[in-house]
Amino acid sequence: MKKKLSFSPIKVKTETIAGTMINLAWLLSETLKFIMYPDVTSFDKLNLSQFDWLEIEEFEMQLIDFQSSSMWIQKFIETRKELESIETERLTSNINKNANNKILETWNSLPDTFNCLKKLARAILTTFSSTIDHLPASHYFQR
C-alpha cells in the first residue's frame, strides 16, 4: 500500500519561488548593492545579464556621468546616513519604517538623463523588494 503524500501544492510552489528569488538575489548580490552604492559601484562588477529587457544600452556612460557628479554622490551618501538612522530608530524604538520608500524617493529625484540607472534601480526594487526588506541593515552599509 502506497502512503499518500500530504503537501500543499501552493505552499510548495511558494517555497520554490521564494528559494529561487533568494538564489537569484545571491547571484546578483553586487548588482543589488547598486541601489545603495551607485556612486562607487564598478560597472565591471555588475551582472546585468538578467536585465537585458530593460534596454539600458547607455547604462555604462550614464554611470560614468553619475559618478562624476558630486551633487548626486552627496545625495546617496546622505540617503545612506538617513537609512542608518532609520535602522537605529527601528532597533531602539521599535518604530517600523520602510527603508525602500527612502531609497525609491532618492532614485526618483534623479533627472531623466540617468534614465538607464533609474530603470535598473526600479527593476531591482520591484523584483527584490521583499528580499531587500529582509536583508540585515549591515548589508546596506557594507561596501
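The values are calculated or read from the model by the stated rules, or taken from the named source; none is laboratory data. This one's a predicted model, so the numbers in the text were calculated from it and none came from an experiment. A quick note on method: Cβ atoms are made from the backbone with ideal geometry, for glycine too, and the neighbour counts reach across all protein chains shown.
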Could you please let me know if ASN108 is within 13 Å of ILE35 (Cα to Cα), without any contact (Cβ under 8 Å) to a residue 60 or more places away in the chain and in contact with a helix residue (DSSP H, G or I) (Cβ under 9 Å, 6 or more places away or on another chain)?
-> yes
Give the range 66-79 a look and list any residue that's touching a Leu at 6+ places or on another chain (Cβ under 9 Å) and either free of Cβ contacts under 8 Å to residues at least 12 places away in the same chain or not basic (Lys, Arg) (or both), or say none.
-> PHE66, TRP72
Cβ-Cβ below 9 Å, separation at least six or inter-chain, first residue in the range 80-102 and at negative phi, second outside any helix (DSSP H, G or I) and at pLDDT below 85: which pairs?
-> ILE86/ILE95; ILE86/LYS97; ILE86/ASN98; GLU87/LYS97; GLU89/ILE95; GLU89/LYS97; ARG90/ASN96; ARG90/LYS97
Does THR131 qualify as being in a helix (DSSP H, G or I), surrounded by 12 or more Cβ atoms within 10 Å (Cβ to Cβ) and at pLDDT 70 or above?
-> no
Selection from the range 69-101 of residues that are among the basic types (Lys, Arg) and within 23 Å of LEU46 (Cα to Cα) = LYS75, ARG80
Output for the range 94-128, where each listed residue is polar (S, T, N, Q), modelled with pLDDT under 90 and part of a helix (DSSP H, G or I) | ASN100, ASN101, THR126, THR127
